[in-house]
Amino acid sequence: MSEKEKRTGFTEDWGSVYGIVQRQSIARDPEGVSAIVIDQDGNEIQIRGYGAKAADLVEAAAERAVPVVLRGNILGSDVDGSRHLSVLIEGPAQFKGVISDVDRSHEGGPPHVSFWIMNEMINRDGKPFQYLTGVHVHGADAETLSGLQDGDRVIVETRDGPDGHIATSPVIVLPALDSAGEDGPGM
């Protein structure tokens, strides 16, 4: 916990929401815009777009009236009800890399597959790097992954979830890299 969090009781974590921005909930103020997103379970999630760019992004998403992924910092406190997503970008994150520790739901349970992915990225200096993160796949997309196994190289779009990332697209298994590494890291 940062010193600011200790002093104010506020938290600041990266997160995302997936749902429809309610056009009628848009409220502009000098700092930007606030709105409500209704997620796939019918929950209302408070979001804010601070500054003109983020406010325009939230308003444009509301005008489209279709499910969107909004990502940014989770700010505020559950104690005083000020917890909200401070919207920074729209759209899912794309992960590309080798997977391990594939785990499937038990027979008869809701379809679920989870795995670790060594995500391949390029840093701001143009140098490749990798980091390990967890991904969860649910529903129909999980049902199609019966052949997925440790060591497969995949690409998938995700949003942030409570225990890792949640797939927002089907998982695509890529061909193995050749020894020359012609297929470079993803973004």
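Restricting to region 56-75, name every residue that is in a strand (DSSP E or B), touching a helix residue (DSSP H, G or I) at 6+ places or on another chain (Cβ under 9 Å) and not aliphatic (A, V, I, L, M). It would help to see each step written out before you state the result.
Quick first cut of region 56-75, residues in a strand (DSSP E or B) only: 68-75.
Within this subset, residues satisfying the condition of being touching a helix residue (DSSP H, G or I) at 6+ places or on another chain (Cβ under 9 Å) are 68, 70, 72.
Once the filter is applied, which keeps residues that are in a strand (DSSP E or B), touching a helix residue (DSSP H, G or I) at 6+ places or on another chain (Cβ under 9 Å) and not aliphatic (A, V, I, L, M), region 56-75 yields only 72.
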Spans of strands (runs of 3 or more DSSP E) in region 76-132 with at least 3 residues within 22 Å of residue 172 (Cβ to Cβ): 93-104, 112-122
Some residue of region 48-55 being assigned to a strand (DSSP E or B) and under 30 Å from residue 147 (Cα atoms): no
Tabulated pairs, region 56-77, first more than 14 Å from residue 159 (Cβ to Cβ), second of a type in the set (A, V, I, L, M, F, W, C) and not in a strand (DSSP E or B), C-beta under 8 angstrom, 6+ apart or interchain: 58/26; 59/26; 62/26; 75/10; 76/10; 77/10
Residues that are surrounded by 12 or more Cβ atoms within 10 Å (Cβ to Cβ), more than 14 Å from the chain's Cα centre (by Cα) and within 20 Å of residue 14 (Cα to Cα), drawn from region 123-169: 130
Hits in region 136-187 - residues which are among the acidic types (Asp, Glu), at pLDDT 90 or above and part of a strand (DSSP E or B): 157
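Tell me, yes or no, whether region 109-120 has at least one residue that is at pLDDT below 90 and out of contact with any Pro (no Cβ under 9 Å at 6 or more places or on another chain). Give the steps one after another, and end with the answer.
So the first thing to find is which residues in region 109-120 are at pLDDT below 90, and the list is 109.
Next, from what is left, pick out any that are out of contact with any Pro (no Cβ under 9 Å at 6 or more places or on another chain): 109.
Yes, region 109-120 contains a residue that is at pLDDT below 90 and out of contact with any Pro (no Cβ under 9 Å at 6 or more places or on another chain).
Kindly establish whether residue 105 is outside the structural domain of residue 70 (by TED's automatic domain parsing), within 18 Å of residue 16 (Cβ to Cβ) and touching a residue at least 12 places away in the same chain (Cβ under 8 Å).
Working: outside the structural domain of residue 70 (by TED's automatic domain parsing): yes; within 18 Å of residue 16 (Cβ to Cβ): no; touching a residue at least 12 places away in the same chain (Cβ under 8 Å): yes.
Answer is no for this residue.
The values are calculated or read from the model by the stated rules, or taken from the named source; none is laboratory data. Keep in mind that what you see is a predicted model, and the values were worked out from it rather than measured. Using ideal geometry, Cβ is built from the backbone for each residue, glycine included, and neighbour counts are taken over all protein chains shown.
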